[in-house]
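Step one of this worksheet: look at the structure below.
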Amino acid sequence: MSDPVEYFKEHRLQAMALSVVPADGSGGVYDVRVYRLRRPGARDYSCQLTFTPEGIAIQGDITPEGNNGSCSRGKSLGWFVGENCPDHLASYFLTERWTAELAQKQLERELSELVDMEWPWKGSGRAYFAERDLLQRLINGLIGSVSNEYEFYRDCEEEGYDLSEGVPGWGYCPTEVALLSAIQRTFRRLYNES
């Protein structure tokens, strides 16, 4: 995915501040700030950011993890408009899961490390080539036909890949991390401009 922040370049920030009085009559005011990132004159392909004393919710057509929205407990508007790297944001809003893209990157990293090792390779040349070919077959399977963690796990077992450290491919989906980061960077820019 190219940088999704480009997608938001025409979006504008619409503020909708609310003050909510608790219905139980306990007194006080519960401040809620709601903002919508949207294209001028349109409501589709927008996202709404809601900031409450309990945390942040991101909802709408364009959100990480689909229309399920993303929430972060205990974080504030001030934190959200600060400097936040994509992985840091992901740890508060996204759920780790298996993706073929992450599995492919991890296996490619392992293959690169293997190839970069000084020759003679630790062990026999035969073992080196067997390991290299194993990694390449698993990568090719991910590119070609593997669509879920179970299929990949089964392929790893059948090929004899060492699963003692878990199935490669767990983490935050790179596409969702990029989208979350684009929403935050766009919001931060527009919020600071207003």
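Read-outs: derived from the displayed coordinates by stated rules, not from any lab. What you see is a predicted model; the values in this text were computed from it and never measured. For neighbour counting, all protein chains shown are included, and Cβ atoms are generated from backbone atoms with ideal geometry for every residue, glycine included.
Structure notes:
- Charged-residue dipole, Cβ positions (Lys, Arg, Asp, Glu), the range 98-171 about Cα centre, Debye nearest 20: 160
- 10 Å Cβ shell holding at most 12 others, DSSP loop, trypsin sites (Lys or Arg not before Pro): longest site-free stretch of the chain: 44-121
- Positive dipole terminus of the chain, leading residue within PRO22, SER91, TYR153 (C-beta point charges): PRO22
- Relative contact order (%) - the chain, alpha-carbon pairs under 8 angstrom, separation at least six: 24
- Ordering ASP24, ASP44, ASP61 by the number of other Cβ atoms within 10 Å of each residue's own Cβ, fewest first, gives ASP24, ASP44, ASP61.
- q = 0.13 Å⁻¹, the chain: log10 I(q)/I(0) [Debye, one scatterer per Cα]: -0.80
- Global form of the range 98-171, assessed from the alpha-carbon gyration tensor, a/c cut-off 1.5: prolate
- Note: relative contact order over the range 74-161, using C-alpha pairs below 8 Å and six or more positions apart, is 35 percent.
- Given charges at Cβ of Lys, Arg, Asp, Glu: the range 98-171 dipole, positive-most of ILE143, LEU114, GLN104: LEU114
- Using the rule -39500 (n - 2.57) for each DSSP H run of four or more residues, divided by the residues of the chain, the 222 nm mean residue ellipticity is -13000 deg cm²/dmol.
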